[in-house]
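Quick notes on the structure that follows.
The values are calculated or read from the model by the stated rules, or taken from the named source; none is laboratory data. None of the values given here were measured: they were computed from a predicted structure. Glycine gets a Cβ as well: all are built from the backbone with ideal geometry, and neighbour counts include every protein chain shown.
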Amino acid sequence: MLTIAYIGNGKSANRYHIPFSSQVETIKIKKILSREDNPAWAKVQGVEYVKDIEDIWTDPEIDLVVLSTPPHTHYPLAKEALLNGKNALVEKPFAETSEQAKELFALAKEKGLFIQCYQNRRFDSDFLTVQKVIESGRLGDILEVEMHFDYFRPEVPQHTDHFDPMESFLYTHACHTADQVLSYFGNPETIQYDVRQLMGENRMNDYFDLDFFYKNNLKVSVKSSYFRLKERPSFIVYGTKGTFVKESKDRQEEHLKLFYMPTNTDFGVDLPEHYGTLYYMDKEQYHEEKVISENGSYARFYEALADTLLNGAEKLVKDEETIRQIEILEEGIQKMTND
């Protein structure tokens, strides 16, 4: 068994972690650090809730700590975990700077410990479906991919009167999509950045458009905005033989917000109206067809995590992928502030 403890008892832990780690038979949640009682979330049966972090550091049975805390705490808490001899899983963004990320990986190596970023979005249904379509070959050679992560939440940037990189839209959302790009397409040859503060200087970053350029003329674009009343499609893939359009996002977050949990067999599952549409040419014939969505499951991240720590399997999220992702976030913010 992999015995774990959560540091943090808020939305992150209770919505995006515990419902999925609880599904893995080889994982046992022993403790949760909760400095104050949180009535918004029911206590997990059989788990000990503690108020002192030393109760976690000094427990020899705990193999892994999961940091589901505010972004600015990720680096210092991850370092503290490693110095206390604990393996660590760190929420996104992993760190504020690539130097911090490199330091944490070096410290883990020195101590003979494991540390990894929680990149659960690799198991989003829409992202998995796009991979299936690309690998089917029906689009031919892939020329361009557009990825959109849009909201209409104007009150967020309008009510934010300061700038903090770790609270920026780039750090809090490109940490998902940039990782998807790196995990599937690899490290690009070049990147063009368009990162903005639509409300003006010294306000939050509320828009970004990143273009990743690869060999063979492939371009992958990651676009996000807080001001999209009508969301753009989640994915559009263009190839030499056709196009695939996936309008809707993965539904796991939608269900979690409704407290519809992964214990339900249809949790996160797309209905036919959510299926993407594939348009392609084959032997001079035009085809237009719906593609049944792949089922996403963030439990698959925890399954891979347990396989690594219990069986020695290769890390799902490579250290160099996390470092490169943080470099991309850093570069985007630097270009915005220098323009």
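Just to be sure, is Thr69 out of contact with any helix residue (DSSP H, G or I) (no Cβ under 9 Å at 6 or more places or on another chain), crowded, with 18+ Cβ neighbours inside 10 Å and under 30 Å from Asn295 (Cβ atoms)? Against the criterion (out of contact with any helix residue (DSSP H, G or I) (no Cβ under 9 Å at 6 or more places or on another chain), crowded, with 18+ Cβ neighbours inside 10 Å and under 30 Å from Asn295 (Cβ atoms)), Thr69 does not qualify. Among the residues of the stretch 254-270, is there at least one that is under 25 Å from His173 (Cβ atoms), at pLDDT 95 or above, touching a Pro at 6+ places or on another chain (Cβ under 9 Å) and charged (D, E, K, R)? No; the residues of the stretch 254-270 include none that is under 25 Å from His173 (Cβ atoms), at pLDDT 95 or above, touching a Pro at 6+ places or on another chain (Cβ under 9 Å) and charged (D, E, K, R).
If only one of Val24, Val44 is closer than 14 Å to Leu2 by Cβ, within 25 Å of the chain's Cα centre (by Cα) and assigned to a loop (DSSP other than H, G, I, E, B), which one is it? Before the answer, list the steps.
Numbers: Val44 fails: closer than 14 Å to Leu2 by Cβ.
Answer to the selection: Val24.
Does at least one position in the stretch 302-316 carry a residue that is among the β-branched types (Val, Ile, Thr) and either in a strand (DSSP E or B) or touching a Pro at 6+ places or on another chain (Cβ under 8 Å) (or both)? Break it down stepwise before answering.
Within the stretch 302-316, the subset among the β-branched types (Val, Ile, Thr) is 308.
This time we only want the ones that are either in a strand (DSSP E or B) or touching a Pro at 6+ places or on another chain (Cβ under 8 Å) (or both), so: none.
No: zero hits.
Listed by first and then second residue, the pairs with beta-carbon distance under 6 Å, at least 6 apart or on different chains, first residue in the stretch 110-130 and without any contact (Cβ under 8 Å) to a residue 60 or more places away in the chain, second small (Gly, Ala, Ser) and assigned to a helix (DSSP H, G or I), are Ile115/Ala108.
Yes/no per residue for (1) at pLDDT below 95; (2) within 22 Å of Thr97 (Cα to Cα); (3) touching a Lys or Arg at 6+ places or on another chain (Cβ under 9 Å); (4) not hydroxyl-bearing (Ser, Thr, Tyr):
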residue	(1), (2), (3), (4)
Asp161	yes, no, yes, yes
Ser183	no, yes, yes, no
Asn187	no, yes, yes, yes
Ile191	no, yes, no, yes
Val195	no, yes, yes, yes
Asn202	yes, yes, no, yes
Asp209	no, yes, yes, yes
Phe212	no, yes, yes, yes
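For the stretch 35-94, residues that are at pLDDT 95 or above, in contact with a Lys or Arg (Cβ under 6 Å, 6 or more places away or on another chain) and either within 29 Å of His173 (Cα to Cα) or among the aromatic types (Phe, Trp, Tyr) (or both) total 2.
With the structure loaded, tell me whether Gly296 is out of contact with any strand residue (DSSP E or B) (no Cβ under 9 Å at 6 or more places or on another chain), surrounded by 14 or more Cβ atoms within 10 Å (Cβ to Cβ), modelled with pLDDT of 95 or more and outside any strand (DSSP E or B) or whether it fails that test. In short, yes.
Here is a check on your reading of the model: is Thr97 assigned by TED's automatic domain parsing to the domain that holds Pro165 and in contact with an Asp or Glu (Cβ under 7 Å, 6 or more places away or on another chain)? It is false that Thr97 is assigned by TED's automatic domain parsing to the domain that holds Pro165 and in contact with an Asp or Glu (Cβ under 7 Å, 6 or more places away or on another chain).
Across the stretch 115-148, the number of residues qualifying as over 16 Å from Gln180 (Cα atoms), in contact with a helix residue (DSSP H, G or I) (Cβ under 8 Å, 6 or more places away or on another chain) and either at pLDDT below 95 or crowded, with 18+ Cβ neighbours inside 10 Å (or both) comes to 3. Checked against the criterion of being closer than 29 Å to Lys249 by Cβ and among the aromatic types (Phe, Trp, Tyr), the candidates Phe105, Phe114, Phe127 yield just one match: Phe127.
For Tyr279, the conditions (1) farther than 30 Å from Ala95 by Cβ; (2) buried (at least 18 other Cβ atoms within 10 Å of the Cβ); (3) touching a Gly at 6+ places or on another chain (Cβ under 6 Å) all hold with the exception of (2).
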